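Reviewing the structure listed below.
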Amino acid sequence: MTSFSWLHLTDLHLGMGEQPYLFPGIKDRFFEDLKPLHEKCGGPWDLVLFTGDLTQSGKEQEFASVNDFLDELWDRLDKLGSHPSLLAVPGNHDLVRPKEDSADVILLVDWVNQPKVRGKFWKEPDCSFRKALNDAFKNYVDWWEKTPFKKLPVQKGELPGDFSVTFEKEGATLGIVGLNSTFLQLAGGDYTGKLALHALQFQSPCNGDGPGWAKKHNACLLLTHQ
């Protein structure tokens, strides 16, 4: 029977102010734990799945640091006998927050009480709300498109960070959908109950038919940050 295996990581937050003196020790312990975890899984990892907050504030140089970390991680994994492909979704720290007094941001933050904004956002991909969102996630998208650790061809979706991919192994297929669940978190504060996902995000990267796409696979995974 074919099996799929992956290493799941999340919330690296590269760029935090405390990292210069705290992260080296944490990274050392993390790399020490890789070998026994790899042995416990009983075989090579096919994928590394990263569910958001790779960076602290979405800066370009922070994503460069992410690649440095992944380069070291991939070297360790290669020595363990794993040669995975990276798949990732953005978190609420993987964007450059726009000015909070921007009219578009004010309306998006008040998403729950703005039905006209919601309608325009989903029906008009070229609207100013989408532009504000695309600008905020630009550094993430640039990193994602260029990072050498993503070896699988992905199908882009409706929002920055949305995708689908089919991973094939020994005649079996694993379908993976990644969705940006943090596109409304454009400012600080408590967002409990204020975030959203739309069915369009699921349908779009799956050729317009998410259920049909899923049924073509032996198993499926959904990746989100929240």
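With a 1.4 Å probe and all protein chains left in place, how much accessible area per residue does the chain have, in Å²?
Numbers: 11730 Å² over 226 residues.
Accessible area per residue: 52 Å².
So, with +1 on the Cβ of K and R and -1 on the Cβ of D and E, and no other charges, what is the size of the charge dipole of segment 1-142 about its Cα centre, to the nearest 20 debye? List each step's numbers first, then the result.
Values: 16 positive and 24 negative charges, 113 e Å.
With only Lys, Arg, Asp and Glu charged at Cβ, the dipole is about 540 debye.
In segment 93-224, with Lys and Arg counted as +1 and Asp and Glu as -1 at Cβ, which of these residues, Ala219, Ser128, Asn139, has the Cα nearest the positive end of the dipole, that is, farthest along it?
Ala219
Could you run the Karplus curve 6.51 cos²θ - 1.76 cosθ + 1.60 with θ = phi - 60° over segment 30-45 and give me ³J(HN,Hα) per residue in whole Hz, x for Gly and Pro?
Whole-Hz 3J(HN,Hα) from phi for segment 30-45: 4, 5, 5, 6, 4, 4, x, 5, 4, 5, 5, 6, x, x, x, 7.
Pick from Arg118, Arg29, Arg76 the residue whose mean-square fluctuation is largest in a GNM of the chain, springs joining Cα atoms under 10 Å.
Arg29
In whole Å, largest first, what are the principal axis extents of the Cα atoms in the chain?
Sorted from largest, the Cα extents of the chain read 53, 48, 29 Å.
Rounded to the nearest 0.05, what FRET efficiency do Asp101 and Lys138 give with R0 = 35 Å and r taken as the Cβ-Cβ distance? Could you check?
On the way: r = 20 Å, r/R0 = 0.58.
Efficiency for this residue pair is about 0.95.
Which of these, Pro20, Pro44, Pro148, has the largest mean-square fluctuation under a Gaussian network model of the chain (Cα springs below 10 Å)?
Most flexible of the set in this elastic network: Pro20.
Helix-derived [θ] at 222 nm for the chain: sum -39500 (n - 2.57) over DSSP H runs of at least 4, divide by residue count, nearest 500? Present the calculation step by step, with values, prior to reporting the outcome.
Working: 8 runs with 89 residues, N = 226.
Calculated mean residue ellipticity at 222 nm is -12000 deg cm²/dmol.
What residue among Leu37, Gln61, Asn92 has its Cα farthest toward the positive end of the dipole of the chain, where the charges are +1 on Lys, Arg and -1 on Asp, Glu, each on the Cβ?
Ranked along the dipole, the leading option is Asn92.
Measure up Lys123/Lys146; Lys131/Lys215; Lys35/Lys151; Lys169/Lys194; Lys35/Lys150; Lys35/Lys169 against 32 Å on the Cα-Cα distance and list the ones that go over.
Table pairs above 32 Å Cα-Cα are Lys131/Lys215; Lys169/Lys194.
What full-extension length gain, to one decimal in nm, is calculated for Lys169 and Asn67 as 0.36 nm per residue of separation minus the Cα-Cα distance? Walk me through the intermediate numbers first.
On the way: separation 102, 0.36 × 102 = 36.72 nm, distance 2.64 nm.
Between Lys169 and Asn67, full extension yields 34.1 nm more.
Taking the convex hull of the Cα atoms, report for segment 154-226 its projected area averaged over all directions, in nm².
Values: hull surface 20.7 nm².
Answer in nm², one decimal: 5.2.
Stokes-Einstein D for segment 98-226 at 10 °C, 1.306 mPa s, Kirkwood Rh over Cα pairs, in µm²/s?
On the way: Rh = 16.0 Å.
Estimated via Stokes-Einstein, D reaches 100 µm²/s.
Can you give me the convex hull volume of the Cα atoms of segment 71-157, divided per residue and expressed in Å³? Kindly include the intermediate steps, with their values, before the conclusion.
Working: hull volume 10.4 nm³, N = 87.
It comes to 120 Å³ per residue, whole-number rounded.
Taking the alpha-carbon centroid of each part, what is the distance from segment 171-226 to segment 88-136 in angstrom?
Rounded to whole Å, the Cα centres lie 18 Å apart.
Ignoring ligands, DNA and RNA, please state the percent of accessible area on the chain from carbon and sulfur, probe 1.4 Å.
Solvent-exposed carbon and sulfur of the chain make up 52 percent of the total.
For a distance above 19 Å, tell me the whole-number percent of Cα pairs in segment 7-63 that qualify.
Details: 647 of 1596 pairs.
Summing the P(r) of segment 7-63 above 19 Å gives 41 percent of all pairs.
With both bridge residues required to lie in the chain, what share of the DSSP beta bridges run antiparallel, to the nearest 5%? Spell out each step's value before the answer.
Numbers: 9 of 24 bridges.
So the antiparallel bridges amount to about 40 percent of the total.
Relative contact order, percent, of segment 1-122 when contacts are C-alpha pairs under 8 Å separated by at least 6 residues? Don't jump to the answer; show the numbers that get you there.
Working: 139 pairs, mean separation 35.7, N = 122.
It rounds to 29 percent for segment 1-122.
The values are calculated or read from the model by the stated rules, or taken from the named source; none is laboratory data. Since this is a predicted model, take the numbers as computed values, not measurements. Backbone-built Cβ (ideal geometry, glycine too); neighbour counts: all protein chains shown. When the accessible area is computed, the model is the full protein with side chains, heavy atoms only, and any ligands, DNA or RNA have been set aside. Shrake-Rupley method; radii C 1.70, N 1.55, O 1.52, S 1.80 Å.
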